[in-house]
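Chemist: Got a structure for you, questions after.
The values are calculated or read from the model by the stated rules, or taken from the named source; none is laboratory data. Just so it is clear, the structure is predicted and the values come from calculations on it, not from any experiment. Note that each Cβ is placed from the backbone with ideal geometry, even for glycine, and that neighbours are counted across all protein chains shown.
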Amino acid sequence: MKVLGIETSCDETAAAIVERDAAGRGRILANIVRSQLEEHAPFGGVVPELAARAHVSHLDGIIRKASADSGVPLAELDAIAATAGPGLIGGVLVGLTTAKALAAALGKPLIAVNHLEGHALTARLTNGVTFPYLLLLVSGGHSQFVLVRGVGRHERWGTTIDDALGEAFDKVAKLLGLGVPGGPAVEREARSGDPRRFRFPRPLLREARLDFSFSGLKTAVRLAAEEIAPLSAQDVADICASFEATVTEIVAHRAAAALARFRAELPQAEPRLVVAGGVAANRRIGDALREVAATAAAELIIPPPALCTDNGAMIAWAGAERLALGAVGGLAFAARPRWPLDTPDMAIDAA
Ligand code: KG4
Ligand code: ZN
């Protein structure tokens, strides 16, 4: 089966066509992503209204290109999938409404996809990972541990009580005057810095819960920077390295605890940790997670960076997984600005 996936929940306009064979293996036939980085750069962050307008301007052409690149005419698709939330509601509406119009005009089923489930299921497309597995989702909008039991069967084990991890990287980059996106800029600076020069707080580290908190850390970084201003290039590098080392320690510590819980609660299952979201591209964090997984005798899966950040293939794939189960909703599905992964799933229950 071939499914078109549309993603417009943040600042990427994306469409992809993915094929799923009878054995459940996936193949990407086309994957087009247009970043709006340049539109938002002058404002130092994503402006929702601008994002929605840019999606309106570009989505048609991107869908056409996905069809042309894959050689799959829209009439040959088996379903149309689109992100229906969570995200910036203006953008979600653009993608979902376009998907509904296509589905109605072509007489194909519409599949409303939770953006987070798109991230969660990507490792099945790229690595054929089997259920259950532990997901660490670390992006600009989310920092969560999720037990993925199956399609539409998720248990959230931990989340952030304030900022997301990618957001913390972005805010630190902004206060140091580094460009956007902040994560790669901080990582680049950190390479020539001393990770031991600043001792930043590690909130919640003593607690058993699997939640994160990054806003106090961001404040500590700001105070440290103000104290030694004006900053030399070495100061900036040292702050970035110390910040990166701190969040790496926090993430590694929590991942070890989450894997321990996985072992305790699912003693029959092979322990697996899947990492997704833009921050999964960070080398230092990836290396630390590799160590954690090795110590816990768990398998670590990090999909390629282009499929960890927002894209249409993850939405098309989640749609294909749902189509294979017969979990297809109707055209009436309404866009959701908020949509936690562990929300009861009526389409799966009915399938
Ligand atoms: O998944 P994503 O592309 O978009 C969201 O759904 O949020 O993630 C983007 C986030 C940004 O906050 C960005 O700064 C962060 O991922 N990021 C990184 C790195 N590359 C991207 N953070 C740390 N190190 C990186 N190399
Ligand atoms: Zn995302």
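Chemist: Which condition number in (1) at pLDDT below 95; (2) within 15 Å of GLY312 (Cα to Cα); (3) not acidic (Asp, Glu) is the one that PHE43 fails?
Modeler: Going through the list (1) at pLDDT below 95; (2) within 15 Å of GLY312 (Cα to Cα); (3) not acidic (Asp, Glu), PHE43 breaks only (2).
Chemist: Test of understanding: among LEU147, LEU125, LEU134, which residue is within 16 Å of ligand 2 (Cβ to nearest atom) and within 29 Å of ALA320 (Cβ to Cβ)?
Modeler: LEU125
Chemist: On to the next question. Filter the stretch 169-179 down to the residues that are of a type in the set (A, V, I, L, M) and more than 8 Å from ligand 1 (Cβ to nearest atom), then identify the one that is nearest to ASP235 (Cα to Cα).
Modeler: LEU176
Chemist: Continuing with this model, one more query. Got a sec? Which helices (runs of 4 or more DSSP H) wholly within the stretch 278-325 have at least 2 residues that are more than 9 Å from ligand 1 (Cβ to nearest atom) and more than 12 Å from the chain's Cα centre (by Cα)?
Modeler: 283-295, 313-325
Chemist: Taking the stretch 120-131 on its own, how many of its residues are in contact with an Asp or Glu (Cβ under 9 Å, 6 or more places away or on another chain), over 14 Å from ASN311 (Cβ atoms) and either within 15 Å of ligand 1 (Cβ to nearest atom) or in a loop (DSSP other than H, G, I, E, B) (or both)?
Modeler: 2
Chemist: Also: State whether the residues of the stretch 248-264 include one that is more than 16 Å from ligand 2 (Cβ to nearest atom), more than 24 Å from GLY141 (Cβ to Cβ) and polar (S, T, N, Q).
Modeler: Scanning the stretch 248-264 turns up no residue that is more than 16 Å from ligand 2 (Cβ to nearest atom), more than 24 Å from GLY141 (Cβ to Cβ) and polar (S, T, N, Q).
Chemist: Just one of ALA298, ALA320, ALA281 is within 16 Å of ligand 2 (Cβ to nearest atom) and small (Gly, Ala, Ser); which is it?
Modeler: ALA281
Chemist: Can you list residue pairs whose Cβ atoms sit under 7 Å apart, with the first residue in the stretch 13-26 being in contact (Cβ under 8 Å) with a residue 12 or more places away in the chain and closer than 13 Å to VAL129 by Cα and the second being assigned to a strand (DSSP E or B) and of a type in the set (Val, Ile, Thr)? Count only pairs 6 or more apart in sequence or on different chains.
Modeler: Taking only residues 6 or more apart or on different chains, the pairs are GLY26/VAL18.
Chemist: Taking LEU205 and the conditions (1) within 16 Å of ligand 2 (Cβ to nearest atom); (2) touching a His at 6+ places or on another chain (Cβ under 7 Å), which numbered condition does it fall short on, given that it satisfies the others?
Modeler: Result: LEU205 passes all but (1).
Chemist: Given the residues GLU76, GLU117, which is the only one that is within 16 Å of ligand 1 (Cβ to nearest atom), charged (D, E, K, R) and either touching a Pro at 6+ places or on another chain (Cβ under 7 Å) or at pLDDT 95 or above (or both)?
Modeler: Going through GLU76, GLU117 in turn, just one is within 16 Å of ligand 1 (Cβ to nearest atom), charged (D, E, K, R) and either touching a Pro at 6+ places or on another chain (Cβ under 7 Å) or at pLDDT 95 or above (or both): GLU117.
Chemist: Enumerate the pairs (first residue in the stretch 43-57 and without any contact (Cβ under 8 Å) to a residue 40 or more places away in the chain; second residue anywhere and among the aliphatic types (A, V, I, L, M) and surrounded by 15 or more Cβ atoms within 10 Å (Cβ to Cβ)) with beta-carbon separation below 6 Å, excluding pairs fewer than 6 apart on the same chain, so at least 6 apart or on different chains.
Modeler: Short answer, once both residue conditions are applied: VAL56/VAL94.
Chemist: When you check SER232 against the structure, is it of a type in the set (Gly, Ala, Ser) and touching a Phe, Trp or Tyr at 6+ places or on another chain (Cβ under 8 Å), yes or no?
Modeler: no
Chemist: If the Cβ limit is 6 Å and pairs must be 6+ apart or interchain, which residue in the stretch 112-141 that is buried (at least 24 other Cβ atoms within 10 Å of the Cβ) pairs with which residue that is of a type in the set (Lys, Arg)?
Modeler: The qualifying pairs are TYR133/ARG272.
Chemist: Free of Cβ contacts under 8 Å to residues at least 24 places away in the same chain and either outside any strand (DSSP E or B) or not assigned by TED's automatic domain parsing to the domain that holds VAL328 (or both): does that describe ALA75?
Modeler: Answer is no for this residue.
Chemist: Read through the list (1) buried (at least 19 other Cβ atoms within 10 Å of the Cβ); (2) small (Gly, Ala, Ser); (3) out of contact with any Ser or Thr (no Cβ under 6 Å at 6 or more places or on another chain), then give the number of the only condition that GLY277 fails.
Modeler: (3)
Chemist: Test of understanding: among ALA99, ALA105, ALA66, ALA52, which residue is under 29 Å from GLY179 (Cα atoms) and in a helix (DSSP H, G or I)?
Modeler: Just a single option satisfies the conditions, and that option is ALA52.
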